[in-house]
Amino acid sequence: MSKALIVYGSRTGATANTSEVIAETLRKEGLEVKVVNAKEEKIKDISGFDLVLVGSGIQIGKWTGEPEDFLKKHQKELVTKKLALFVCCGSAAPLSEGEQKTKEMETGRQKYLEEKAAQYKLKPVALGYFGACYDFNKMSWLFKKTFGSMKPQLEAAGYKPTENGSYDLRNLDEIRAWAKELAKQ
């Protein structure tokens, strides 16, 4: 049985939940999966894993520090592994339409995934670019002030608040399909 490691960093929980959705899918495909919150556990050895996935939330244009540290620490080993990178990011589900939406998504994918892989000289077998979650109840007052005007845009784009008032811009079926395809590799 192939073994997979998912290492993630999450500020609001979207990447944590996405990691669990990916893990569940990989398990259904026959892989043994370990999921690690990089903030809570430091991985010392990745030699026992056939597949390594590293994921991060994006905030103010940056990866979360802990998965970035993981990439730095294990850079030499990761070039010998099947590697996948993924992010949960608002620009993966932009509120604009048509050509502008496509351009925003391409720019974000390049910046947060392709450039990150190139920075560490990594050759991932897959890049996952998934939407974010906006939980206005957990945001600092500064982010609430900044993102508060987005609520009408989110609803106009078809996103409805969940029971707790957050907005989930992820497509879980897309995430599962990505993980299923990854398991075949």
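The values are calculated or read from the model by the stated rules, or taken from the named source; none is laboratory data. Because the structure is a prediction, the values reported are computed rather than measured. Every residue, glycine as well, gets a Cβ built from its backbone with ideal geometry; the counts of neighbours run over all protein chains shown.
Pairs linking a residue in the stretch 130-146 that is farther than 12 Å from GLY90 by Cβ to a residue that is β-branched (Val, Ile, Thr) and surrounded by 16 or more Cβ atoms within 10 Å (Cβ to Cβ), with Cβ atoms under 7 Å and 6 or more positions apart or on different chains, are ASP135/THR12; LYS138/THR12. Which one is surrounded by the fewest Cβ atoms within 10 Å (Cβ to Cβ) among residues in the stretch 59-99 that are touching a residue at least 60 places away in the same chain (Cβ under 8 Å) and farther than 20 Å from ARG176 by Cα? My answer is LEU95.
No other residue among GLU32, GLU77, GLU24, GLU40 is modelled with pLDDT of 95 or more, more than 16 Å from LEU127 (Cβ to Cβ) and in contact with a Lys or Arg (Cβ under 7 Å, 6 or more places away or on another chain) apart from GLU32. Scanning the stretch 67-76 finds one or more residues that are closer than 24 Å to LYS39 by Cα, touching a strand residue (DSSP E or B) at 6+ places or on another chain (Cβ under 9 Å) and part of a loop (DSSP other than H, G, I, E, B). For the stretch 44-71, filtering for residues that are hydroxyl-bearing (Ser, Thr, Tyr) and under 19 Å from GLY108 (Cβ atoms) leaves 2.
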